[in-house]
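K.L.:
Mind having a look at this structure? Questions to follow.
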Amino acid sequence: MWRKTGIAALSSFLFLTGCIPGWEPKEEGVDIDQKEDGTEEQKVEVSPEIPSLDHYYRSILQDGKYIHGVTRGFNNDVIYNRLDLERLEVGMQEIASEEFDQENYFFRDGQFIEKNELNHWLMRYKEASGEEDGSSNPLGLNPALGNGESFEQRERSQPRVLSNILEHNYVVKSDDGTFRVGGMVIGLSMNSVYYFRQKNEDGTYGPWLEEEIPKETSLEEGKKIAEKVLERLRSKEREEGALANVPVIFAIFRENPRESVVPGSFISTATAKPKSDIGNWQSINETHLLFPSQSATEEQREDAEMFNQFKEDINQFFENYVGVVGEGYYQNQELKRLTLTIPITFYSKTEVIAFTQHVTDRVEQRFPAELDIEINISSTAGQEALVVKEPGEDPYVHVY
C-alpha cells in the first residue's frame, strides 16, 4: 500500500539515457540525449529504490532534476480539497501497479495534455453562439449549460460533473537502450457536489449554491468522458499518433464534498489496450471513514467500537483528555488501513517515550494483526513519535 505521497521523490541516482517522445518543449523539438545545436548532452536519470515501508515507482530525472508535468499547479486550482488530490495522485499509482510493475516501469508526471488544453476540456461544452464575442468551446467535456429562466435553474439542470483530469506516464527502457512511454493512467476526478454562484453586474458574487450529483451519474458520465479523452490522446495530431500504441488505464474518482475531512474514492477503472477501445469497466469498492464519527458508527459499528476502546486506553495514560482521530481505508467493506493522529501536550522526552510505548502496546492489544496501522504522535513543537504496524509484522517505533 502507498503510505506517504512524498516518499517516492526521495532519491540518489541511477544513470540512464534515452529518447522519450513528448519530453522536450514542442518548440524546440530536440531529443533528450543531444540538442541539435551541439550543446552538452543531458543526463536522463532514474531515482533508485530506497529503503522504505512500501514499494514506490522510481521517478525520471533530467540533469539531476525532477521534471514537473506540463500542468503543474493546475490541479491545486481546480480540486478544492487537498485530501482529494492526494488520494487521486496516490491511488492512480496503486491502480497502475496492477498493470505496470515497479521493477520495469518508471514514473513520470503527465507530458501530453497541455495546461491550456486541459482548461478547455474542463469547461462546459459550448457551440458557437452567434453572440458578439463569438465565444464557443467545442472541446468542453462538461455538459452545456441547461435550460431555465434563471441562472440557478440553468446551472442546476446541467451541473458540471467533471472536476479535473490528471495524467500519469509510465516509462520503460527499450531493447536499444532508449526510453519510451510504456503506459499511461488518466484519472477522471468527478464532482459529488457541484458548487456554483452568480456573478453580479458590479463584479461581486452571490452566495455559493450546491447541487448534489448521484454516484450513478458520476460513473455514467465518467465513462463517456473517458471515450472522448482516449480519442483525443490517440489522434494523429498528438505525437504523430504515437500514443495509439500505448496502453491507457482510466480511473474514475469521485470527490467528497468540500467540507469533508476524509478524501473521496475511486469507483471504477478500465484499460484501453494498444490500438484498442476501452475494455470492460471494473467497479472499485473503496471508502474512507473518519473515527470517531456518526457515519463510522452507522456503517462500521464493530470497527467504531474497536477504535473507541483504543481511545479509552490512550486517555488513561494522561490526566488530561487526549484527542485521538483516525481515518480508516476500506476495500469491499473491509478495513485495510488505519491512520491515527494523537496530539499531546509536551512535558518531557521521557514522558513521550513512555507514552509511545503505551500506544504501541495498545495497538497490539486492540487491533487485528493483519491490519495496516500508522500512528502519528505530535505536539505544538511538531512530530514527536511514529508507530507503524505492517500486517503480520512487529510494530516499528521511532521517537524524534
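K.L.:
So, in segment 235-272, how many residues would count as being under 18 Å from residue 121 (Cα atoms) and either without any contact (Cβ under 8 Å) to a residue 12 or more places away in the chain or in contact with a Phe, Trp or Tyr (Cβ under 6 Å, 6 or more places away or on another chain) (or both)?
P.N.:
Result for segment 235-272: 4.
K.L.:
How many residues are outside any strand (DSSP E or B) and closer than 21 Å to residue 299 by Cα if we restrict to segment 325-351? Step through it out loud before you land on a result.
P.N.:
Of segment 325-351, the ones outside any strand (DSSP E or B) are 332-333, 344-351.
From what's left, closer than 21 Å to residue 299 by Cα: 332-333.
Total satisfying the criteria: 2.
K.L.:
Of all the residues that make up segment 100-129, how many are touching a helix residue (DSSP H, G or I) at 6+ places or on another chain (Cβ under 9 Å) and without any contact (Cβ under 8 Å) to a residue 24 or more places away in the chain?
P.N.:
1
Here is a yes/no grid of residues against (1) surrounded by 18 or more Cβ atoms within 10 Å (Cβ to Cβ); (2) touching a Cys at 6+ places or on another chain (Cβ under 9 Å); (3) farther than 28 Å from residue 265 by Cβ:
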residue	(1), (2), (3)
343	no, no, no
357	no, no, yes
361	no, no, yes
368	no, no, no
377	yes, no, no
384	yes, no, yes
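K.L.:
For segment 12-111, give me every one of the strands (runs of 3 or more DSSP E) that falls completely inside it and has 3 or more residues that are modelled with pLDDT under 90.
P.N.:
On the way: elements: 14-16, 44-46, 60-62, 106-109.
Passing ranges, in order: 14-16, 44-46, 60-62.
For every residue, the table says whether it meets (1) surrounded by fewer than 17 Cβ atoms within 10 Å (Cβ to Cβ); (2) under 30 Å from residue 209 (Cβ atoms); (3) within 26 Å of the chain's Cα centre (by Cα).
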{"position": "236", "(1), (2), (3)": "yes, no, no"}
{"position": "265", "(1), (2), (3)": "no, yes, yes"}
{"position": "272", "(1), (2), (3)": "no, no, yes"}
{"position": "279", "(1), (2), (3)": "yes, no, yes"}
{"position": "287", "(1), (2), (3)": "no, yes, yes"}
{"position": "292", "(1), (2), (3)": "yes, no, yes"}
{"position": "320", "(1), (2), (3)": "yes, no, no"}
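K.L.:
I'd like to verify a number: residues in segment 183-206 that are over 20 Å from residue 119 (Cβ atoms), at pLDDT below 95 and not in a loop (DSSP other than H, G, I, E, B), how many?
P.N.:
Count: 1.
K.L.:
Tell me whether segment 151-162 contains one or more residues that are in contact (Cβ under 8 Å) with a residue 60 or more places away in the chain and of a type in the set (Phe, Trp, Tyr).
P.N.:
Applying the first criterion (in contact (Cβ under 8 Å) with a residue 60 or more places away in the chain) to segment 151-162 yields 161-162.
Checking which are of a type in the set (Phe, Trp, Tyr) leaves us with none.
No.
K.L.:
Cβ contacts < 6 Å: first residue under 25 Å from residue 184 (Cα atoms), restricted to segment 211-228; second residue among the aromatic types (Phe, Trp, Tyr) and surrounded by 15 or more Cβ atoms within 10 Å (Cβ to Cβ), any location; separation 6+ or different chain. Result?
P.N.:
226/250
Yes/no matrix, rows are residues, columns are (1) over 18 Å from residue 229 (Cβ atoms); (2) surrounded by fewer than 13 Cβ atoms within 10 Å (Cβ to Cβ); (3) of a type in the set (Ser, Thr, Tyr):
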{"position": "96", "(1), (2), (3)": "no, no, no"}
{"position": "99", "(1), (2), (3)": "no, no, no"}
{"position": "104", "(1), (2), (3)": "yes, yes, no"}
{"position": "111", "(1), (2), (3)": "no, no, no"}
{"position": "114", "(1), (2), (3)": "no, no, no"}
{"position": "153", "(1), (2), (3)": "yes, yes, no"}
{"position": "156", "(1), (2), (3)": "yes, no, no"}
{"position": "162", "(1), (2), (3)": "no, no, no"}
{"position": "165", "(1), (2), (3)": "no, no, no"}
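K.L.:
Is there a residue in segment 189-197 that is hydroxyl-bearing (Ser, Thr, Tyr) and free of Cβ contacts under 8 Å to residues at least 40 places away in the same chain? Reasoning before the result, please.
P.N.:
The initial filter retains those residues of segment 189-197 that are hydroxyl-bearing (Ser, Thr, Tyr), namely 189, 192, 194-195.
Among the residues that remain, those that are also free of Cβ contacts under 8 Å to residues at least 40 places away in the same chain are: 194.
Looking for residues that are hydroxyl-bearing (Ser, Thr, Tyr) and free of Cβ contacts under 8 Å to residues at least 40 places away in the same chain, one finds at least one in segment 189-197, hence yes.
K.L.:
Another question, then. For segment 328-338, give me the residue count where each residue is surrounded by fewer than 18 Cβ atoms within 10 Å (Cβ to Cβ) and under 20 Å from the mean Cα position of the chain (by Cα).
P.N.:
Kept after step one, since they are surrounded by fewer than 18 Cβ atoms within 10 Å (Cβ to Cβ), are these residues of segment 328-338: 331-334, 336.
Now narrow it down to the ones that are under 20 Å from the mean Cα position of the chain (by Cα): 331-332, 336.
Looking only at that region, the number is 3.
K.L.:
Among the candidates 226, 251, which residue alone is in a helix (DSSP H, G or I), crowded, with 20+ Cβ neighbours inside 10 Å and under 25 Å from the mean Cα position of the chain (by Cα)? Reasoning before the result, please.
P.N.:
Values: 251 fails: in a helix (DSSP H, G or I).
Testing whether each residue is in a helix (DSSP H, G or I), crowded, with 20+ Cβ neighbours inside 10 Å and under 25 Å from the mean Cα position of the chain (by Cα) leaves just 226.
K.L.:
Kindly evaluate residue 360 against the criterion of being more than 22 Å from residue 288 (Cα to Cα) and modelled with pLDDT of 95 or more.
P.N.:
Details: more than 22 Å from residue 288 (Cα to Cα): yes; modelled with pLDDT of 95 or more: yes.
Yes, satisfied.
K.L.:
Does at least one position in segment 71-89 carry a residue that is over 26 Å from residue 262 (Cβ atoms), surrounded by 15 or more Cβ atoms within 10 Å (Cβ to Cβ), among the aromatic types (Phe, Trp, Tyr) and in the same structural domain as residue 162 (by TED's automatic domain parsing)?
P.N.:
For segment 71-89, residues over 26 Å from residue 262 (Cβ atoms), surrounded by 15 or more Cβ atoms within 10 Å (Cβ to Cβ), among the aromatic types (Phe, Trp, Tyr) and in the same structural domain as residue 162 (by TED's automatic domain parsing): absent.
The values are calculated or read from the model by the stated rules, or taken from the named source; none is laboratory data. Nothing here was measured: the structure is a model prediction, and the numbers come from that model. Cβ coordinates were reconstructed from backbone atoms using ideal geometry, including for glycine residues, and neighbour counts include every protein chain displayed.
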